[in-house]
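Enquirer: Before we start, here is the structure in question, set down as structure tokens.
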Amino acid sequence: MNRFLYFAAFAYIALCGAIVVRKIASSSGPRIPPVETNAPVPPPGPAYATTSGAQWFAAMKPFCNQVEVDVRERYSPPPNTSDGAGYAAACFALAGKIDRAREIIEGIPPTERGGAANVLFSVAHPVADAGDDRASGPMMELVLEYWPNNYMALYHAGMSEFSLGQTGLAEKHLRSFLQMYTVADYFHENAEKALKVLDERGTLTGGRQVERETPRRP
């Protein structure tokens, strides 16, 4: 009889424990499903989330080189605005792709091209001030196609061409600069010095060349 009572008590305790465990499991919150290892990977979003041409250019600038610029520009196109076109043109111009930069500016309405040229100039100006004549010269020449009376573009284009031995263009741009910019400062003095050097070399063609007398024979 005692054995039967012990067995009944043990069975009762086990049943109560099972009920308690079940209650705890059901009240511990929703079950978290296992992570599927073969779940499809979502496609990548755009390379850069931009709201302005300046932000686009800030993200793109490291890739403004001959190797990467085309692919990156296709992957992350600039904003469809005049300043977006200006910054895109500047990026390609920095990469040495002046023809592509020109195509971008030509692709926007004529009334907006001056604004794009202004953006291009704002990018090219620090390059010129840093002394990178090979890069800044063609960029300034492109600016002048759409903003011909930009006297600082004339100066930087002329000085770049002077340093690269492009005498005709240097003379043309520096003369135009001196006609527009009459302040007697560093820029004016520098342009005059460059023209004087060309004069002394006898390479001027626009009237500044000094006529030298042919020595008379005794």
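The values are calculated or read from the model by the stated rules, or taken from the named source; none is laboratory data. Predicted model only: the values in this text are computed from it and were never measured. Every residue, glycine as well, gets a Cβ built from its backbone with ideal geometry; the counts of neighbours run over all protein chains shown. Only protein heavy atoms, including side chains, enter the accessible area calculation; ligands, DNA and RNA are left aside. Shrake-Rupley method; radii C 1.70, N 1.55, O 1.52, S 1.80 Å.
Enquirer: Among what's in region 95-114 and is closer than 16 Å to ALA135 by Cα and outside any helix (DSSP H, G or I), pick the residue that is least open to solvent (accessible area, probe 1.4 Å).
Expert: Of everything passing the filter in region 95-114, ALA95 is least open to solvent (accessible area, probe 1.4 Å).
Enquirer: May I pose another question? Starting from region 66-94, take each residue that is surrounded by 14 or more Cβ atoms within 10 Å (Cβ to Cβ) and list its partners that are among the acidic types (Asp, Glu), counting only C-beta distances under 6 angstrom and pairs at least six apart or across chains.
Expert: From residues that are surrounded by 14 or more Cβ atoms within 10 Å (Cβ to Cβ), the pairs are SER82/GLU112.
Enquirer: What is the residue count in region 128-153 for residues that are out of contact with any Lys or Arg (no Cβ under 9 Å at 6 or more places or on another chain) and buried (at least 24 other Cβ atoms within 10 Å of the Cβ)?
Expert: Matching residues across region 128-153 total 6.
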